[in-house]
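What follows is a single structure, written as structure tokens, with notes after it.
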Amino acid sequence: MNESANKSNGNPEREIVIVIRKMHKWYGQFHVLKDINLNVERGEKIVICGPSGSGKSTLIRCINRLEEHQDGEIIVDGTELTNDLKNVELVRREVGMVFQHFNLFPHLTVLDNCTLAPIWVRKEPREEAEATAMEYLERVKIPDQANKFPGQLSGGQQQRVAIARSLCMKPRVMLFDEPTSALDPEMIKEVLDVMIELAKGGMTMLCVTHEMGFAKTVADRVIFMDEGEIIEQNKPHEFFDNPQHDRTKLFLSQILNH
Amino acid sequence: MEQSAYKPGEHPNLPPPSNTVGPIAWVRANLISSPTNIVLTVLSIWFLYEIIPATLEWAFMDAAFTGESRDECRAKAGGACWAFIGERFNLFTYGFYPADERWRIDLAFVLLCVALLPVLWDRCPFRKYGLYFACAFPFISGWLLLGGFGLMPVDTDEFGGFMLTLVIGVTGITFSLPIGIILALGRQSDMPIVRVFSIWFIEFFRGVPLITLLFVASTMLNYFLPTGTTFDLLLRVLIMVTLFASAYMAEVIRGGLQALPRGQYEAADSMGLKYWTSMRLIILPQALKISIPGIVNTFIGLYKDTTLVIIIGLLDPLGVGRSSLADTKWTGLSNEMYLFVAIFFFISCFGMSRYSLYLEKKLATGYER
Ligand SMILES: Nc1ncnc2c1ncn2[C@@H]1O[C@H](COP(=O)(O)OP(=O)(O)O)[C@@H](O)[C@H]1O
Ligand SMILES: [Mg+2]
């Protein structure tokens with residue numbers, strides 16, 4: 001068991017960043033995640049899909065302990081997530097998260113949003129943090145908005161700021177929870193482009209999304225979840241062209257023919 | 001179909017039609033827009049016509065500004081007798097503070113204004129040093145008012161009038177905000193002891209009338225304290241008023257904390273910020289901003305509640321006024337006295353209210369969608 005956990009599924013020499021073993025989670029009596037086993041390699045891009053309410057958000061929120069799991073183990077970059085606050089902080093430092101509703105801090109400028117964590121968590125000097133922030137804002141193509149407040153930006157711009165904000169912490173893993181589903185159609189592409197760039201740069205990414213085009217372009221693996229279980233996982237073309245499970249077929253037919 | 005004057009894609013930006021801007025448009029939109037509106041406008045004008053001239057007549061045209069007693073005033077004019085206020089002005093302002101030492105109160109008041117400037121105005125020159133001074137102000141003013149260390153000691157029994165109102169009001173306002181914040185955070189804490197303590201503290205102080213607390217402060221505490229300890233009455237009152245206001249403050253701020261979307265807490269957590277850092281930099285700035293109207297409401301309530309100390313024998317402006325009315329020279333001039341005190345309170349409270357509006361405007365960032 002231990003043996004297999006420390007090796008990847010097909011690529012034994014690559015390093016494993018996230019290990020999830022026999023993990024269960026309940027909300028009160030409700031068994032929301034059931035026996036989740038998942039290893040993520042460094043640099044791997046994983047897309048998680050599944051019907052609404054299947055536990056996708058809960059799963060990736062367990063990885064930075066926004067939600068607590070009750071059984072099994074989650075090890076991120078060698079640190080096991082337990083009640084020990086130190087470990088939790090250690091993991092959160094290394095794991096960036098992008099939310100569906102951006103969750104930018106509306107009372108801070110775009111630049112301050114980006115420098116806050118580097119300054120207060122990583123204890124970087126302000127000048128250095130600002131230089132890094134400008135670099136990442138440039139990379140998400142909005143350096144000219146640095147001194148505006150989030151409320152003055154469009155949704156797509158806000159989400160790109162949110163991505164830049166996470167990147168400023170130089171995370172080893174990025175989690176995305178439906179980053180484009182609150183956006184108007186014409187803004188989805190600008191955000192996906194940024195994410196594709198990021199993927200090309202070798203970032204380890206776990207991404208809950210229904211953008212199947214994105215999954216086909218960047219994903220190394222697509223995971224399908226339903227009712228709290230991982231039903232099926234496969235390489236993207238296998239997953240889309242040759243789904244094994246009936247529920248996967250049903251789901252794919254629903255989202256591809258809408 | 002009617003033809004547009006411009007080709008598609010070439011329509012310029014035009015000014016709005018002239019009948020929608022300017023004073024006439026304003027009158028039309030605001031005073032006579034509907035039959036109900038017309039009736040209300042007419043009624044208001046009639047009401048103002050009845051009230052304003054009579055008031056002006058009483059307060060200024062037909063008022064006596066000098067005189068040694070009520071009878072002298074009445075002999076001169078039938079309206080207000082402001083000579084009464086004039087003669088008692090020092091009593092209203094300083095209470096029974098020794099006359100030779102009153103400069104200390106004046107100085108403390110000036111320093112209060114100096115200390116408030118950097119706190120209230122974020123672009124004040126030398127703000128950083130101003131804030132240091134503001135932190136030192138309570139100690140400096142305490143020394144000025146109480147004496148000792150080279151100044152003649154003055155007993156708190158001799159405090160009174162507007163100066164007493166300011167002492168209680170400013171102390172209560174200064175301390176109730178931080179205590180309220182701590183209680184509000186405590187009430188949301190994961191630690192059961194902290195949470196239960198906060199809840200009971202808030203419920204107790206909010207559930208008991210302030211007058212009761214003041215009575216407890218003035219009499220009952222003596223039973224609990226070891227005999228022989230002297231524990232200044234004013235200090236007890238300050239503590240009670242502060243705790244009372246803190247309980248309200250805590251609930252106001254809790255409202256603000258709950259109004260924040262959960263995503264703000266999650267974003268802060270997901271970046272690895274520690275609890276106090278995320279509270280200080282992310283949660284509280286937003287929660288306090290949302291709570292400004294409620295916070296200022298509590299401040300104003302506290303400020304006006306200072307008049308309750310009359311019950312336990314402290315002479316606030318109303319107390320001074322009542323005792324002055326008891327003077328046979330000035331009996332029957334309660335209109336003047338209450339109006340004068342009301343104006344003092346109104347100016348202070350209106351000032352706070354306007355400042356809160358200014359602050360809300362200033363803190364508004366972008367438009368929420
Ligand atoms: N805080 C919570 N308390 C109780 N139930 C929850 C909570 N959050 C989510 N759930 C439930 O857990 C299930 C999975 O939620 P979620 O992970 O958000 O699904 P998904 O992201 O796949 O749509 C849903 O049925 C949802 O109603
Ligand atoms: Mg979700």
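Of the residues B:K289, B:K304, B:K274, the one that moves most in a GNM of chain B with alpha-carbon contacts below 10 Å is B:K274. In region B:163-361, the portion of solvent-accessible area held by carbon and sulfur atoms comes to 70 percent [1.4 Å probe, whole percent, DNA, RNA and ligands not counted]. Converting phi to 3J(HN,Hα) with the Karplus coefficients 6.51, -1.76 and 1.60 and the offset θ = phi - 60°, region B:264-269 yields 5, 5, 5, 4, 4, 4 Hz in sequence order, with x at every glycine or proline.
Close amide-amide hydrogen proximity is noted between A:R221 and A:K45, A:V47, each under 5 Å apart and 5 or more residues distant or on a separate chain (H modeled in the peptide plane; Pro and chain starts excluded). Only helices enter this figure: runs of n ≥ 4 DSSP H residues, each worth -39500 (n - 2.57), summed and divided by the residues of chain B, yield -21500 deg cm²/dmol at 222 nm to the nearest 500. In a Gaussian network model over chain A where Cα atoms closer than 10 Å are linked, find which of A:Q29, A:Q145, A:Q159 has the largest mean-square fluctuation. Comparing A:Q29, A:Q145, A:Q159 in the GNM, the peak value goes to A:Q29. At a probe radius of 1.4 angstrom, the accessible area of chain B per residue rounds to 59 square angstrom.
Net charge near A:P236: determine it from the other residues with C-beta under 15 Å of the C-beta of A:P236, scoring Lys and Arg +1 and Asp and Glu -1.
With Lys, Arg at +1 and Asp, Glu at -1, the net is -2.
Pairs spanning more than 30 Å between alpha-carbon atoms, out of A:K56/A:K200; A:K170/A:K249; A:K22/A:K249; A:K34/A:K170; A:K123/B:K289; A:K123/A:K189: A:K170/A:K249; A:K34/A:K170; A:K123/A:K189.
In the protein assembly as shown, what % of DSSP beta bridges are antiparallel (nearest 5)? About 55 percent, rounded to the nearest 5. Here region B:107-157 and region A:99-162 have alpha carbon centers that stand 39 Å from each other. Considering only A:G28, A:G78, A:G156, the mean-square fluctuation computed in a Gaussian network model of chain A, springs between alpha carbons under 10 angstrom, is largest for A:G28.
What relative contact order, as a whole-number percentage, does region B:189-280 give when Cα pairs under 8 Å and 6 or more residues apart are counted? Before the final figure, lay out the partial values.
Working: 31 pairs, mean separation 29.9, N = 92.
Averaging sequence separation for qualifying contacts and normalising by length gives 33 percent for region B:189-280.
Peptide A:94-101 has a mean shielding of 3, counted as Cβ atoms of other protein chains within 10 Å of each residue's Cβ. Just the protein heavy atoms count here, and of the accessible area of chain A at 1.4 Å, carbon and sulfur take up 47 percent. Mean per-residue shielding of peptide A:110-117 is 2, counting Cβ atoms of other chains within 10 Å of each Cβ. Do you know which residues of region B:271-293 lose at least 40 square angstrom of accessible area in the protein assembly compared with their chain on its own, with a 1.4 angstrom probe? When all protein chains are present, B:M271, B:G272, B:L273, B:K274, B:L281, B:Q286 each give up 40 Å² or more of accessible surface. Summed over qualifying helices (DSSP H, 4 residues or more, each -39500 (n - 2.57)) and divided by its residue number, chain A shows a 222 nm mean residue ellipticity of -11500 deg cm²/dmol.
The values are calculated or read from the model by the stated rules, or taken from the named source; none is laboratory data. A quick note: this is a predicted structure, and the numbers were derived from the prediction, not measured. Don't worry about glycine lacking a Cβ; one is built from the backbone with ideal geometry, like all the others, and counts go over all protein chains shown. In case anyone asks, the SASA skips ligands and DNA or RNA and just uses the protein heavy atoms, side chains included. Shrake-Rupley method; radii C 1.70, N 1.55, O 1.52, S 1.80 Å.
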